[in-house]
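Quick notes on the structure that follows.
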Amino acid sequence: MQPKNAPILWGCFLLWNLYASSSQTDYPGIKARITQRALDYGVEVGVKTMEQMIKDMVIPDLKGSESLDFLKIDYVKYNFSNIKINAFSLPNASLTFVPGVGIRALSNHGTANISTNWDVKAPFFLVQLCPIVTNEVEALNLNISALEVLTKIDNYTVLDCSLINPPEITENYLDLNLKGSFYPLESLVDPPFPPVPFELPDRRDSMLYIGISEYFFKSASFAHFVAGALGVMLSTKEISNHFNQNAQGIGSLFSRIAEIYVLSQPFMLQIMATGPPEISLHPNNFSLDLPASIIMLTELENSTIEPIVSMDFVASTSVGLAILGQKLICSLSLNRFRLLLPETSHRDVTVVRFENILSSILHFGVFPLANTKLQQGFPLPNPYNISFVNSDIEVFEGFLLVSTDLKHEATSKQQSNLHNWGSLELVNGPWREQPVP
């Protein structure tokens, strides 16, 4: 199928019962619910797109012969060239859900104005037109069905958003159950915890509802930890620069502390997660606890790195959420920082002061770096050339809900590419056959 004909009707994405390869996951990590409002908008946009596509269609010359029994004509030769579709219209078109079956497309009084260099108009051309449209839609369906929705998120992880079962259809909506699981870049082994069921609230005010489960975020946490992505090394200069930009005077104070403790030698901090961050979703509250260790190091005269002191801590954070484009953007803010000391140790004034210093390092040095990386966001499922408008996010027990309307972005410069999901890179088949145990 030619790329220019791909965006025939984004509603065609719904008309076909797309079915991805079977999965052992019983419950989805992501649920997408398409309402009647989305179908109505799909008809509005799709019919306009189809009308324009058909008018631009190049129809080959028709030559041959036919027998017209109903006119008692045994043999007719015909030769039509320069065939043009001057106008095409599908008024009163509609899409409706049929529970347990699919989506019914209805239209009546469809019209077409077709001319040739002989200026002949006949029903024959409409008969020829329908197979052309049908072939284009079937080609679109084959392309989408063959698509591996395995998206490379960053240099450490991929995200599997394939369908785990056929769409669930009721009178009012269509539900798509997506796997919604992250994996380390080098392995597609499932995380050591299963997804749990969750139900979307019964709402119809928005065109699209996307439920993102706690499992989705836990798998992201686990995959990034396993892939070694949750760590950072900061020099004294880098830390001071962050402090100077965010808290006047603290940078020079920390540099002075570093000079006292490490005798003015080059000083570094390594912060590394000791386990996957713990994710919790409760009504109106999204929190993340990061268990980690902090190691103070110095560089000796022979360029070797020597650790000075190491200790474990837990940083409790709140997660802010926003929709930007077709991505879910997260940001971290520090709520509480606590060193994990041996049971025999006392939390004296010195320990508290040191906690405060390390807390400032996280707040002004580490978290800005983490939030910069988080700005690339998590992709949300949506058809090509469709943007989210009037979006809202709510946190429920065990999942968060994105409610949004849709807007079709039709531009002459943009051409649909079924092997791209927004600006993200899709990873194809070989990944599924090469899991690392």
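The values are calculated or read from the model by the stated rules, or taken from the named source; none is laboratory data. On a predicted model such as this, the values are computed, not experimentally measured, just so you know. Glycine also receives a Cβ, built like all others from the backbone with ideal geometry; neighbour counts cover every protein chain displayed. The area values use the complete protein model at the heavy-atom level, side chains included, leaving out ligands, DNA and RNA. Shrake-Rupley method; radii C 1.70, N 1.55, O 1.52, S 1.80 Å.
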> What do you reckon, is R336 open to solvent by 20 Å² or more (accessible area, probe 1.4 Å) and at pLDDT 80 or above?
Replying inline: yes
> Here is a list of conditions, (1) open to solvent by 70 Å² or more (accessible area, probe 1.4 Å); (2) part of a loop (DSSP other than H, G, I, E, B); (3) modelled with pLDDT of 75 or more, and M57 meets all of them except one; can you say which number that is?
Replying inline: (1)
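Only one of these is at pLDDT 85 or above, crowded, with 16+ Cβ neighbours inside 10 Å and hydroxyl-bearing (S, T, Y): S416, S403. Name it. Don't jump to the end; show me each part of the working.
Working: S416 fails: at pLDDT 85 or above.
Criteria check complete, one pass: S403.
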> Do the conditions hold for G100, that is, is it at pLDDT 75 or above and either touching a helix residue (DSSP H, G or I) at 6+ places or on another chain (Cβ under 9 Å) or within 22 Å of D40 (Cα to Cα) (or both)?
Replying inline: yes
> Is there any pair with a first residue in the stretch 29-58 that is closer than 18 Å to E409 by Cβ and touching a residue at least 60 places away in the same chain (Cβ under 8 Å) and a second that is among the acidic types (D, E) and surrounded by fewer than 19 Cβ atoms within 10 Å (Cβ to Cβ) whose Cβ atoms are under 9 Å apart and which are 6 or more apart or on different chains, and what are they?
Replying inline: A38/D405; Y41/D405
> Quick check, is G325 modelled with pLDDT under 85, closer than 30 Å to S387 by Cα, surrounded by 12 or more Cβ atoms within 10 Å (Cβ to Cβ) and in contact with a Ser or Thr (Cβ under 9 Å, 6 or more places away or on another chain)?
Replying inline: yes
> Taking strands (runs of 3 or more DSSP E) that do not extend beyond the stretch 150-234, which have at least 3 residues that are open to solvent by less than 20 Å² (accessible area, probe 1.4 Å) and either in contact (Cβ under 8 Å) with a residue 24 or more places away in the chain or among the β-branched types (V, I, T) (or both)?
Replying inline: 157-160, 173-178, 181-184, 208-213
> How about the stretch 375-400: which of its residues are open to solvent by 40 Å² or more (accessible area, probe 1.4 Å), modelled with pLDDT of 95 or more and either of a type in the set (G, A, S) or not in a strand (DSSP E or B) (or both)?
Replying inline: E397
> Across the stretch 277-301, what is the total count of residues that are at pLDDT below 90, among the polar types (S, T, N, Q) and surrounded by fewer than 19 Cβ atoms within 10 Å (Cβ to Cβ)?
Replying inline: 0
> Do you know which residues across the stretch 304-329 are among the polar types (S, T, N, Q) and within 16 Å of L380 (Cβ to Cβ)?
Replying inline: Q326
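Is it true that V309 is open to solvent by 40 Å² or more (accessible area, probe 1.4 Å) and of a type outside the set (D, E, K, R)?
Judged against the criteria, V309 is a match.
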